[in-house]
Amino acid sequence: MCDKLTQRLIASGSVVTLMIPPIARRFVAGESTATALEQTRRMNAEGVKVILNLLGEHYENRTAAAADTEGYVQLIEDIAASPLDACISIKPSQLGLDIGAEVFRDNLRTIVAAADANNVFVWCDMEDHTTTEPTLSTVAQLAERYPWTVGQCLQSNLRRTADDLERVVDLPMKIRLVKGAYDEPESVAYTEKEAVNDRYKTDLEVLFESRDRGVAVGSHDPEMIDAAVDYHESYGSDFEFQLLMGVREDRQRELASEGYEVWQYAPYGDQWLSYFWRRLKERRENALFALRAVAGI
Ligand code: FAD
């Protein structure tokens with residue numbers, strides 16, 4: 001319910017001026033490009049690369065989507081002009097998918113062309129199941145035109161993902177596998193935790209078995225991290241771990257020091273509210289952390 005409320009607030013522009021409170025700062029790399037690049041510098045110094053996401057979603061007008069498209073092009077140029085190990089991740093509804101698939105496609109093409117020219121990688125997050133088809137087909141087309149410049153997130157909780165994997169597994173793009181962060185109906189998704197975990201391991205093995213590069217493991221779950229290491233040993237594919245800023249950061253550093261490629265997904269910007277809310281809902285530890293911060297203990 002709160003997701004719907006925050007979506008409405010975001011669409012109406014009511015939250016854009018809220019300052020990030022200290023409790024959200026654990027998960028959000030500040031409000032400006034400067035603070036995001038500073039977070040990148042800090043993590044790079046510890047061997048962890050950074051995926052930067054300019055926060056924004058569910059825009060209902062072209063101006064907002066165009067402004068974030070321009071923001072990403074600028075960010076790509078800033079990354080390219082720096083010595084930092086960073087790439088970007090966008091959200092489809094931030095580039096106008098709720099307005100129309102062609103708005104999303106045109107904006108994403110602008111970003112990917114700039115990224116290709118500057119040698120910066122572009123990830124596309126996956127939102128709820130109603131967006132899967134237009135998102136995946138747009139990114140798959142761009143992958144053919146700009147090989148190994150784009151990557152797509154796929155969610156193991158969705159029933160369709162086994163088929164989607166078959167569709168994209170031979171394309172020149174990276175694939176980030178996650179469990180899925182959106183509340184989905186039983187008709188399209190596995191909703192039991194155990195079923196999602198089983199699907200995740202099966203999908204991950206398919207990725208390792210069928211590709212020799214471009215596999216990204218987007219999970220904090222020790223069981224999934226161990227499974228990835230096992231599949232790597234069995235199939236030899238190149239892969240990377242991806243974890244969120246503020247979640248198991250010690251493990252991120254540890255994996256990097258063990259020689260694995262580790263990327264931290266670090267969102268930044270003033271539209272932090274719905275992202276922060278998703279993190280709190282996802283996990284009791286995150287909610288307890290927020291409560292402790294508020295209570296000052
Ligand atoms: P969970 O199933 O939440 O937890 C399993 C175990 O992991 C826990 O029992 C615990 O041992 C450990 N763990 C998890 N969180 C914590 C914590 N805070 N502290 C300590 N231990 C913890 N979802 C989307 O729908 N679309 C996207 O585009 C998307 N992009 C993502 C990008 C990245 C880089 C990552 C890491 C996640 C992304 N997600 C995305 C979110 C994802 O779908 C899950 O909701 C989220 O990662 C939680 O699932 P999990 O596999 O990490 O572990």
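If the condition is being closer than 19 Å to Arg278 by Cα and among the basic types (Lys, Arg), then the stretch 142-199 contributes Arg176, Lys179, Lys193. The set of residues from the stretch 244-264 being touching a Gly at 6+ places or on another chain (Cβ under 8 Å) and closer than 22 Å to Thr33 by Cβ is empty. Looking across Val217, Val169, one residue alone is closer than 16 Å to Ser89 by Cα and hydrophobic (A, V, I, L, M, F, W, C). It is Val217.
Within the stretch 26-47, residues that are surrounded by fewer than 16 Cβ atoms within 10 Å (Cβ to Cβ) reach partners that are not β-branched (Val, Ile, Thr) with beta carbons closer than 7 Å, at six or more positions or on different chains, in the pairs Arg41/Leu84; Glu46/Arg253; Glu46/Ala256.
Taken as a whole, the condition of being closer than 21 Å to Glu261 by Cα, in contact with a Pro (Cβ under 6 Å, 6 or more places away or on another chain) and of a type outside the set (Phe, Trp, Tyr) applies to Pro172. Within the span defined as the stretch 167-187, one or more residues are assigned to a helix (DSSP H, G or I) and either acidic (Asp, Glu) or closer than 22 Å to Glu240 by Cα (or both). Taking residues in the stretch 215-243 that are more than 16 Å from Ser156 (Cβ to Cβ) and of a type in the set (Asp, Glu), and partners anywhere that are near the ligand (Cβ under 9 Å from one of its atoms) and not in a helix (DSSP H, G or I), the pairs with Cβ atoms closer than 7 Å and at least 6 places apart or on different chains are Glu240/Ala216; Glu240/Trp263. Determine whether the stretch 265-275 contains at least one residue that is at pLDDT 80 or above, in contact with a Phe, Trp or Tyr (Cβ under 9 Å, 6 or more places away or on another chain) and assigned to a helix (DSSP H, G or I). Within the stretch 265-275, one or more residues are at pLDDT 80 or above, in contact with a Phe, Trp or Tyr (Cβ under 9 Å, 6 or more places away or on another chain) and assigned to a helix (DSSP H, G or I). Residue count for the stretch 252-273 under the criterion of being touching a Leu at 6+ places or on another chain (Cβ under 7 Å) and within 14 Å of the ligand (Cβ to nearest atom): the result is 6. At negative phi, away from the ligand (no atom under 14 Å from the Cβ) and either in contact with a Cys (Cβ under 9 Å, 6 or more places away or on another chain) or acidic (Asp, Glu) (or both): does that describe Ile51? No; evaluated as a whole, the condition is false for this residue. When Val229, Val247 are checked against the criterion of being aliphatic (A, V, I, L, M), over 26 Å from Ala143 (Cβ atoms) and not in a helix (DSSP H, G or I), a single residue qualifies: Val247. Summed over the stretch 89-106, residues that are assigned to a loop (DSSP other than H, G, I, E, B), under 20 Å from Gly269 (Cβ atoms) and not hydrophobic (A, V, I, L, M, F, W, C) total 3.
For every residue, the table says whether it meets (1) touching an Asp or Glu at 6+ places or on another chain (Cβ under 8 Å); (2) modelled with pLDDT under 95; (3) of a type outside the set (Ser, Thr, Tyr).
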residue	(1), (2), (3)
Ile79	no, no, yes
Ser89	yes, no, no
Ile99	yes, no, yes
Ala115	no, no, yes
Phe121	no, no, yes
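Which one is farthest from the ligand (Cβ to nearest atom) among residues in the stretch 185-204 that are surrounded by fewer than 18 Cβ atoms within 10 Å (Cβ to Cβ) and among the acidic types (Asp, Glu)? Filtering the stretch 185-204 for residues that are surrounded by fewer than 18 Cβ atoms within 10 Å (Cβ to Cβ) and among the acidic types (Asp, Glu), the one farthest from the ligand (Cβ to nearest atom) comes out as Glu186. For the stretch 254-271, a residue qualifies if it is among the hydroxyl-bearing types (Ser, Thr, Tyr) and under 20 Å from Cys87 (Cβ atoms), and the qualifying residues are Tyr260, Tyr265, Tyr268. Filter the stretch 210-222 for residues that are within 9 Å of the ligand (Cβ to nearest atom) and hydrophobic (A, V, I, L, M, F, W, C); which is farthest from Glu249 (Cα to Cα)? Step by step, filter the stretch 210-222, then rank; the result is Ala216. As a summary of the residue check, Ala162 satisfies the conditions (1) in a loop (DSSP other than H, G, I, E, B); (2) among the hydrophobic types (A, V, I, L, M, F, W, C); (3) surrounded by fewer than 18 Cβ atoms within 10 Å (Cβ to Cβ) except for the one numbered (1). Being buried (at least 22 other Cβ atoms within 10 Å of the Cβ), more than 13 Å from the ligand (Cβ to nearest atom), aliphatic (A, V, I, L, M) and within 20 Å of Ile88 (Cα to Cα) is the requirement here; does Leu207 meet it? No; evaluated as a whole, the condition is false for this residue.
The values are calculated or read from the model by the stated rules, or taken from the named source; none is laboratory data. Only a predicted model underlies this, so the values are computations on that prediction, with no experimental measurement involved. Virtual Cβ from ideal backbone geometry, glycine too; neighbours counted across all protein chains shown.
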